[in-house]
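Heads up: the structure comes next, in structure tokens.
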Amino acid sequence: MRKTILILSALFICHLSMAQSSDLEKVKATVEKEEIKSHIFYLASDELRGREVGTPGIEKAADYIAAEFKRYGVKPVPGADNGYFQQVLLKQASLPNKIKVTISEKDFSGQQVAIFNAENIEKVTQAVYLNYGMSDDYEGADVKGKIILVKAGAPDQTDQGSLFKLSLQKRGFAQAAGAIALIEVHDYNAQYWGSVKGYLSHDKMTLRDKNEPVGGPVHLWVNSNHNLLDELEKGAEVSTGLVISGIDNNRLTSRNVVGIVEGTDPKLKNEYIIYSAHYDHVGVGKPNAELDSIFNGARDNAVGTVTVLSAAENIAKYPTKRSALFILFTAEEKGLLGSKWYVENPLVPLKQAVYCFNSDNASYNDTTKATIVGLERTTASQNIKEACSAIGLTAIDDPAPEQNLFDRSDNVHFATKGIPAPTFSLGFTAFDKELFKYYHQVTDNPETLNYDYLLKFFRAYVLSCRKIANDEETPVWVEGDKYYEAGQELYGDR
Ligand SMILES: [Zn+2]
């Protein structure tokens, strides 16, 4: 009896170590120093000019990643453009240097006006009041070339979410009727005004709603404290003036790059592991003392991009039990926008995405380690630690929780949806001076990296990927984690 157990366990251990060494051999077979180096030297080259959203450099990077996917045999994703691209709709509007709205001789400016859609305009005219500005309200009205005044919301819909949704619809109706401007009048007592104003006043890049009409009338919200609504409801035409100047509107489209490798296990292949990183960076800025002005972003995040490329090449050649979804995000540096777009428009149902293994990087100060932000927050920690140690690195968790790094990269949008999502990073034991030498600096160049260390780093990532994707146990949030409940909600009992 005892002997049988001994033999069985000896066989078992033997089997385990064979499986392990073969995964390790598979990783070593595809993750090689010269290839890593050539990826990073291209992605972080001056030719790509810092890969900023809206510039040709980032488009070259996207094309390069997609071409590599194709070369590896990574499959196109159903529903993506040309199989490998997901369009991400963005907009950036500078704030006007002047805005003044005059309705029935009352002036509105500054904190009383919120801008939804604007172009430079100077116009004084009789405006038409159209109740709530819903489609019925347009019956018999001629508003072509005119300014329309409406009440915000709808009689039974006054919560903030409805106000935004209705607002987009109303602009669509105004545009279809040929109006030049739509002004929604809000009640002065509205509690939400403070947050609305804050939300709309930033001069920054944001996602663009797929249903948002392109072009269209000037669209403003005005917060009235003059009993204006009562006056408007009397129904007369109202003298209205509109002055907006100094606006610079920019609508743009960028691309997430995506690819799939189907899993080999008949059951587990319905579960997807997402391997992700952002590939954009911050572009060109002010020159330093050496007259370098290109922020090449070798660490941030050519390195992350290459973790995903390395996993893609390896898994395409040696598929894992679970399916793999590779995503390189655009516009992380603009406020985590590419990943936000993805979770709102997923190409594989979010419920089927059981894990997101992200990589984002500032720099490193310890070449014996890999730092995994959120290592101990999911049940995949053991697999990751074993993989790192098999390669000769030590996996450590976030050394600077006060920086809240977990919630500052693309992984957070997946976590919020309930998907376990740590971030695999170059080894750092503190978020200190050594990191700031390179973090968002023109010095973040490919020739300043240690490629012997990087070889280990990429191998450790890919071996972790294989272990997680082949494990019979599906990784989950550790009980009690901030995102545990979200996970329960997304996956239910599975
Ligand atoms: Zn960055």
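The values are calculated or read from the model by the stated rules, or taken from the named source; none is laboratory data. Values in this document were obtained by computation on a predicted structure and should not be read as measured data. Note: ideal-geometry Cβ built from the backbone for every residue, glycine included; neighbour counts use all protein chains shown. Just so you know, the surface numbers come from the protein's heavy atoms only, side chains and all, with ligands and any DNA or RNA stripped out. Shrake-Rupley method; radii C 1.70, N 1.55, O 1.52, S 1.80 Å.
Could you list, in sequence order, the residues of the stretch 277-297 that are in contact with a Phe, Trp or Tyr (Cβ under 8 Å, 6 or more places away or on another chain) and within 12 Å of the ligand (Cβ to nearest atom)? If the condition is that a residue be in contact with a Phe, Trp or Tyr (Cβ under 8 Å, 6 or more places away or on another chain) and within 12 Å of the ligand (Cβ to nearest atom), then Ala277, His278, Tyr279, Asp280, His281, Val282, Gly283 are the ones that fit.
Consider the stretch 117-135 and keep the residues that are under 27 Å from Lys91 (Cα atoms) and open to solvent by less than 40 Å² (accessible area, probe 1.4 Å). The one that is nearest to the chain's Cα centre (by Cα) is Asn117. Taking the criterion of being surrounded by fewer than 16 Cβ atoms within 10 Å (Cβ to Cβ), modelled with pLDDT of 80 or more and of a type in the set (Val, Ile, Thr), would at least one residue in the stretch 193-210 satisfy it? No. Does Leu393 fit the bill of being touching a helix residue (DSSP H, G or I) at 6+ places or on another chain (Cβ under 8 Å) and under 24 Å from Asp444 (Cβ atoms)? The answer is yes for Leu393. Within the stretch 266-294, residues that are assigned to a loop (DSSP other than H, G, I, E, B) reach partners that are away from the ligand (no atom under 16 Å from the Cβ) and aromatic (Phe, Trp, Tyr) with beta carbons closer than 9 Å, at six or more positions or on different chains, in the pairs Glu271/Tyr355. Taking the condition in contact (Cβ under 8 Å) with a residue 24 or more places away in the chain and at positive phi, does Gly79 pass? Criteria met by Gly79.
Here is a yes/no grid of residues against (1) in contact with a helix residue (DSSP H, G or I) (Cβ under 9 Å, 6 or more places away or on another chain); (2) buried (at least 20 other Cβ atoms within 10 Å of the Cβ); (3) farther than 18 Å from Lys234 by Cα:
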residue	(1), (2), (3)
Tyr138	yes, no, no
Ala141	no, no, no
Val150	yes, yes, no
Gly161	no, no, yes
Phe173	yes, yes, yes
Ala176	yes, no, yes
Ala181	yes, yes, yes
Glu184	yes, yes, no
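Residues that are part of a loop (DSSP other than H, G, I, E, B), in the same structural domain as Tyr355 (by TED's automatic domain parsing) and modelled with pLDDT of 95 or more occur in the stretch 246-262; there is at least one.
Close contacts from the stretch 360-379, counting a first residue that is outside any loop (DSSP other than H, G, I, E, B) and a second that is within 16 Å of the ligand (Cβ to nearest atom), with Cβ to Cβ under 6 Å and a gap of 6+ residues or different chains, come to Thr371/Ser425; Thr371/Phe428; Ile372/Phe424; Val373/Leu405; Val373/Phe406; Val373/Thr423. Of the residues making up the stretch 429-440, those that are more than 22 Å from the chain's Cα centre (by Cα) and open to solvent by 10 Å² or more (accessible area, probe 1.4 Å) are Thr429, Ala430, Phe431, Asp432, Lys433, Glu434, Phe436, Lys437, Tyr438. Is at least one residue of the stretch 77-97 over 30 Å from Ile327 (Cα atoms), more than 19 Å from the chain's Cα centre (by Cα) and among the hydrophobic types (A, V, I, L, M, F, W, C)? The answer is yes, given that some residue of the stretch 77-97 is over 30 Å from Ile327 (Cα atoms), more than 19 Å from the chain's Cα centre (by Cα) and among the hydrophobic types (A, V, I, L, M, F, W, C). Search the stretch 418-432 for residues that are in contact (Cβ under 8 Å) with a residue 24 or more places away in the chain and not assigned by TED's automatic domain parsing to the domain that holds Ile372 and pair each with any residue that is crowded, with 24+ Cβ neighbours inside 10 Å and not in a loop (DSSP other than H, G, I, E, B) when their beta-carbon atoms are under 7 Å apart and the residues are at least 6 apart or on different chains. Within 7 Å, no pair qualifies. Hey, does the stretch 215-228 have a residue that's within 16 Å of the ligand (Cβ to nearest atom) and part of a loop (DSSP other than H, G, I, E, B)? No. Applying the set (1) open to solvent by 50 Å² or more (accessible area, probe 1.4 Å); (2) at pLDDT below 95 to Asp23 leaves exactly one unmet item: (1). Consider the stretch 298-346 and keep the residues that are part of a loop (DSSP other than H, G, I, E, B) and surrounded by fewer than 23 Cβ atoms within 10 Å (Cβ to Cβ). The one that is farthest from the ligand (Cβ to nearest atom) is Lys321. Checking the conditions here, which among Arg49, Arg2 is at pLDDT 50 or above, out of contact with any Pro (no Cβ under 6 Å at 6 or more places or on another chain) and open to solvent by 100 Å² or more (accessible area, probe 1.4 Å)? So the residue among Arg49, Arg2 that is at pLDDT 50 or above, out of contact with any Pro (no Cβ under 6 Å at 6 or more places or on another chain) and open to solvent by 100 Å² or more (accessible area, probe 1.4 Å) is Arg49. On the basis of being crowded, with 20+ Cβ neighbours inside 10 Å and assigned by TED's automatic domain parsing to the domain that holds Val343, does Phe414 make the cut? It is true that Phe414 is crowded, with 20+ Cβ neighbours inside 10 Å and assigned by TED's automatic domain parsing to the domain that holds Val343.
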